[in-house]
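Here, each number is a calculation from the coordinates, and none is a lab measurement. Here the structure is a predicted model, which is why all the values come from computation and not from measurement. Note that each Cβ is placed from the backbone with ideal geometry, even for glycine, and that neighbours are counted across all protein chains shown.
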Amino acid sequence: QKEVEQNSGPLSVPEGAIASLNCTYSDRGSQSFFWYRQYSGKSPELIMFIYSNGDKEDGRFTAQLNKASQYVSLLIRDSQPSDSATYLCAVRRYSTLTFGKGTMLLVSP
Amino acid sequence: GAVVSQHPSRVICKSGTSVKIECRSLDFQATTMFWYRQFPKQSLMLMATSNEGSKATYEQGVEKDKFLINHASLTLSTLTVTSAHPEDSSFYICSASSLTSGSPYEQFFGPGTRLTVL
């Protein structure tokens, strides 16, 4: 069974700090990896995706992928209170996305 | 671009009734649409995948006679929850993808429909 594991949190960081969110997955055939942000009562919003080992940066966000360790992470620099949300990791194999349960991030002013 | 809408955003119904949820891709043709369900503090669980003009493929444990999916056009898919019961109360989210887009496997999510069955 394909699994995507995330620490449920909450992860609490002060405003301006770096938030580090982690995700592991079980399916070695996974082809690309996504990070979504979900506010309470809303649907997920795509932050970024990565498919090659290494780092990928987009503004304040950096995704890191290590396929050998089956590990993907998301770093949020200069965290803002508006970043407080649940962050979902998702892995894709062909057309199917499998989601983790998400990590709740709380950024305090 | 790549906007997906859902209607209604919220629905409350009585136990035993049927509810239809619409998912529309507004500015692109969706070759594939996906239906997810999310219970509180849980992840999105894929219910079914549908391609335009063909029968939906349901995930294990999802009753196809209870959750009827129709993908009659490249811009519209509907999910009908038949004989709804309180345990069907959940957040239903659709997504759409297009093989002809620059990101053929990227899914664009609708805003979700909150279903409450009394």
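Overview of results
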{"quantity": "Fewest-first sequence of B:H7, B:H85 by Cβ atoms within 10 Å of each Cβ", "calculated": "B:H85, B:H7"}
{"quantity": "Estimated dipole of the protein assembly as shown in Debye, rounded to 20 [Cβ of Lys and Arg +1, of Asp and Glu -1, Cα centre]", "calculated": "360"}
{"quantity": "Summed side-chain charge close to B:P8 - residues other than B:P8 whose Cβ falls under 10 Å, Lys, Arg +1, Asp, Glu -1", "calculated": "+2"}
{"quantity": "Kirkwood-based shape ratio for region A:35-109, expressed as Rg/Rh from alpha carbons", "calculated": "0.96"}
{"quantity": "Packing-based ranking, highest mean first, of A:16-26, B:34-44 given that Cβ atoms within 10 Å are counted", "calculated": "B:34-44, A:16-26"}
{"quantity": "Full-extension gain in nm, A:Y51 to A:E15, via 0.36 nm per residue minus C-alpha separation", "calculated": "10.0 nm"}
{"quantity": "For A:97-106, mean number of other protein chain Cβ atoms within 10 Å", "calculated": "3"}
{"quantity": "For B:42-54, mean number of other protein chain Cβ atoms within 10 Å", "calculated": "3"}
{"quantity": "Packing-based order for A:67-78, B:21-32, using average beta carbon neighbours within 10 Å, highest first", "calculated": "B:21-32, A:67-78"}
{"quantity": "Percentage relative contact order, chain A, counting C-alpha pairs under 8 Å, at least six apart", "calculated": "38"}
{"quantity": "Per-pair calculated FRET efficiency, R0 = 25 Å: B:S73 and B:S15 via Cβ, rounded to 0.05", "calculated": "0.20"}
{"quantity": "Mean Cβ count within 10 Å, highest first, over the residues of peptides B:77-84, A:42-49", "calculated": "B:77-84, A:42-49"}
